[in-house]
1. Are any of the residues in the range A:205-228 more than 25 Å from B:Glu62 (Cα to Cα), open to solvent by less than 10 Å² (accessible area, probe 1.4 Å) and more than 16 Å from the chain's Cα centre (by Cα)?
2. From B:Val78, B:Val111, B:Val44, grab the single residue that is more than 14 Å from every other protein chain (Cβ to nearest Cβ), away from ligand 1 (no atom under 16 Å from the Cβ) and without any contact (Cβ under 8 Å) to a residue 60 or more places away in the chain.
3. If you go through the range A:53-64, how many residues are open to solvent by 50 Å² or more (accessible area, probe 1.4 Å) and touching a strand residue (DSSP E or B) at 6+ places or on another chain (Cβ under 8 Å)?
4. Any residue at all in the range A:162-180 that's touching an Asp or Glu at 6+ places or on another chain (Cβ under 8 Å) and surrounded by 19 or more Cβ atoms within 10 Å (Cβ to Cβ)?
5. Which numbered condition trips up B:Thr234, out of (1) under 21 Å from B:Ile150 (Cα atoms); (2) within 16 Å of ligand 1 (Cβ to nearest atom)?
6. Could you tell me whether the range B:10-31 includes any residue that is touching a Phe, Trp or Tyr at 6+ places or on another chain (Cβ under 8 Å), hydrophobic (A, V, I, L, M, F, W, C) and crowded, with 23+ Cβ neighbours inside 10 Å?
7. Could you please tell me which pairs satisfy a Cβ distance under 7 Å, a separation of 6+ or placement on different chains, a first residue in the range A:48-59 that is farther than 14 Å from A:Gly224 by Cβ, and a second residue that is of a type in the set (D, E, K, R) and away from ligand 3 (no atom under 14 Å from the Cβ)?
Amino acid sequence: MFVDSAQIIGKKIWSDWVLLSLKTYKIAEQARPGQFIMAKVNDSFHPLLRRPFSIHNVSSGEIEIFFQIVGIGTTILSEKKVGEKLNIIGPLGKGFNITSSVQNKEYYLIGGGRGIAPLFFLAKEIKKAGGKPYVLYGAKTEKDLPLLKKFWDEEIQVYPSTEDGTLGWHGLITELFEHKLKERNKIEKIFVCGPHEMMKKIALIAEKNKLDAEYSLESIFGCGIGACWGCVVKLRREKEKWVKACSEGPVFSGKEIIW
Amino acid sequence: MVDLTINLGFIKLRNPIITASGTFGYGLEFSPFLDLREIGAIIVKGLYFNEREGNPPPRIFETPCGMLNSIGLQGIGVKKFAEEILPKLTDYGVPIIVNVCGEEDDEYARVVEFLSSKKGISCFELNISCPNVRKDGKCPAISPEWTYNIVKLVKQSTKKPVITKLSPNVTDITEIAISAEEAGTDGISLINTILGMAVDIETRKPRLGNVFGGLSGPAIKPIALRMVYQVVNTVKVPVIGIGGIFKGVDALEFLIVGAKAVQVGTANLIDPLAPLRILNEIKDFCEKKGITKIEDIIGTLKVGD
Ligand SMILES: Cc1cc2nc3c(=O)[nH]c(=O)nc-3n(C[C@H](O)[C@H](O)[C@H](O)COP(=O)(O)OP(=O)(O)OC[C@H]3O[C@@H](n4cnc5c(N)ncnc54)[C@H](O)[C@@H]3O)c2cc1C
Ligand SMILES: Cc1cc2nc3c(=O)[nH]c(=O)nc-3n(C[C@H](O)[C@H](O)[C@H](O)COP(=O)(O)O)c2cc1C
Ligand code: FES
C-alpha cells in the first residue's frame, strides 16, 4: 500500500467513459487483478472522500483506470489533463484468485458496464499464464462498449452483448452467459464484476451449473483501507456477518456471498 | 526546536495529536502508512464487551464538506481485542486509549474492568455519545444525570484515568460537562458526530440504512470549536477538541480556544498520513512565530480588545 502522487500520462474519452494512464512505479509493481486504488479527485473538501477504482491494466511503471462518469467525483476526474498529478492510494484489497495451474484451463470473465474495468488486467494475466480467458462484455448499447478494440488488440476472445441489440448478442449478458455455457463445458471458474442485480442472476446460473465463481462487489467506501467499517457486505463465514468489502474483498467467492 | 509535549495531568503526550475513535481502525491498519510511534496517542475503535454486528448498509453518505455515518459500532469485542490486537499495538510504544461503549450502563463497567488488567492501555475514553446505536439517536450524553451515573460507575470500576466524550446533540453542553466533572472524569473530549440524515429523491429512501447518521468532517468544525470554547470555560479538567480537524490551522484554533490536545477523525479516512502532516504544520507555525513550547499557545484566545 502506497500513497502516491501519480502523474497522468495518458487519457482517452468515449462520451461518458474515461481511460486514464498513471505513472506510479510502486503501485504498478505490486498490483494484482481485482485490486483497486482510492483517488482524491481534487484538493478541496468537496467532494471530501476518495473514490475507488479498479486497477484496469498494468504495464511497466504504469497503471490504468477505466471509469464511467456518474457524479461529481468522476466528472472532476474526467476533466483532468495529461501532465497533472492525481493523489492515489494502492494497491488495495484482495483480488481475484487465479490458481497456479492455469495452463490450458478455460475461464469466463463476465463484465457488465463499468464492471469490465478489472477484467482486462485479469484476462491478460490468465493469458500470460497459459490459460484461456473468454470475456463476456455487456452493456445497454454499442457506445457503452468502448473497450472491445482493446481486448482484440491483446488477442483476447470477447463476446459483446447489448440490451438494444446494436452490437453482438441482443439481450442481457446473463442470457449470453447461459448461451455460452452450452458451448464450453469444462469451465474452470468464472470471474464476475457488474451491477448487483446482474451478478445475482449470474450467481444463480453458476450455482445451477456447479461452477466455481468469484465476484467483485461494490459498496459505498469511506476509506478503502479498512479503517471505518463503512463498506460492509453480508457474507456467510462461520456465521452470517458483515464483512469489510475494501480490505477483505472486494473479490469474494460465490460460496460465501449472501445476495 | 519546538517542545511539543503536552501534560494532561493524568497522562503525558509526546505531542497534542490523537487519532479519533472509529476513524483509525484498531491502529494497525495505518502502520503501512506512518510510524505510529510519532502520534501523540491512538484511540481505537469503540469496543463493546462482545463482538457486535453494526448497522445495515449503506453506512456512509457524503455531504458537502462532510460525511454522514451510521456504522453502529461494529467491532470485535474486548476479548479478541486483548488477545489479537493489543499485544501488537503495544509494540509500537504509543499511548493507547480504548473507546468504551455499552448497550446498558453496566456494560461500560464490564468493559473497563476486563481491560484494566491488560498491559498497554493508558486510559479509557467513554463513548456515551454515539448517535448510531439506538433507533432514536439517543445516548447517555444527552442527559446530565445519565452522564453522571455512567462516569461514576466507570470510575468505581477502574483505577485508570477516564476521559468522557460528549455529544453535540444537546441544548446546553456545559451542563453535561459539569455532570461529568462532578462524577470524577479525568478529562473531557468533544465533539462526537452531529445527528443528521439525507434522502435520495429518486427512490425517496433515506441514504443510510439506519435512517439517521452522524455528521463529521470540515462542515462541523465551527460547531465543535464553539462547544470546546464553552466547555473549557466551565470545567477545570483538561479538554480535548474534536471535529473537522484536517490541517494544522484547524488544530491550532482548538488549542488557542483552550483544548489541551486534539483528535483527528474523518481526515484519517482520506489522508492516512493526516496525523503527522497536521503535526508538522503545527510545528512549522510555531517555528515561524518563534513559539518554543506548544503549551504556550493553549488557551490564548483574545476575546474583546
Ligand atoms: C472496489 C470498487 C472498484 C470500483 N471500480 C470502478 C471502476 O473501475 N470504474 C468505474 O467506473 N467505477 C468503479 N467503481 C464505482 C466508482 O467508485 C463510483 O462510480 C464512484 O465512486 C462515483 O463517484 P462520483 O463522485 O462520480 O459519484 P457520486 O456523485 O458520489 O454518486 C453518483 C452515484 O454513484 C454512486 N456511488 C457513489 N460512490 C460509490 C461507490 N463507492 N461505489 C458504487 N457506487 C457509488 C452513488 O450512490 C450515486 O448513485 C468502483 C467501486 C468500488 C467499490
Ligand atoms: C466512520 C466513523 C466512525 C466513528 N466511530 C466512533 C466510535 O467508535 N466511537 C466514538 O467515540 N466516536 C466515533 N466516531 C466519531 C469521531 O471519533 C469524531 O468524534 C467525529 O467524527 C468528529 O471528528 P471529525 O470531524 O474529525 O471526524 C466515528 C466517526 C466516523 C466518521
Ligand atoms: S471503506 Fe472504510 S473500512 Fe472499508
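1. yes
2. Answer to the check: B:Val78.
3. Within the range A:53-64, residues that are open to solvent by 50 Å² or more (accessible area, probe 1.4 Å) and touching a strand residue (DSSP E or B) at 6+ places or on another chain (Cβ under 8 Å) number 1.
4. Yes.
5. Every condition holds for B:Thr234 apart from (2).
6. yes
7. A:His56/A:Glu64; A:Asn57/A:Glu64
Residue-by-condition table, conditions (1) within 16 Å of ligand 3 (Cβ to nearest atom); (2) touching a helix residue (DSSP H, G or I) at 6+ places or on another chain (Cβ under 6 Å):
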{"site": "A:Lys210", "(1), (2)": "no, no"}
{"site": "A:Ala213", "(1), (2)": "no, yes"}
{"site": "A:Leu217", "(1), (2)": "yes, yes"}
{"site": "A:Gly226", "(1), (2)": "yes, yes"}
{"site": "A:Lys241", "(1), (2)": "yes, no"}
{"site": "A:Lys244", "(1), (2)": "yes, no"}
{"site": "A:Ser253", "(1), (2)": "no, no"}
{"site": "A:Glu256", "(1), (2)": "no, no"}
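The values are calculated or read from the model by the stated rules, or taken from the named source; none is laboratory data. What you see is a predicted model; the values in this text were computed from it and never measured. Don't worry about glycine lacking a Cβ; one is built from the backbone with ideal geometry, like all the others, and counts go over all protein chains shown. Protein only, heavy atoms only, side chains kept; ligands, DNA and RNA dropped before computing areas. Shrake-Rupley method; radii C 1.70, N 1.55, O 1.52, S 1.80 Å.
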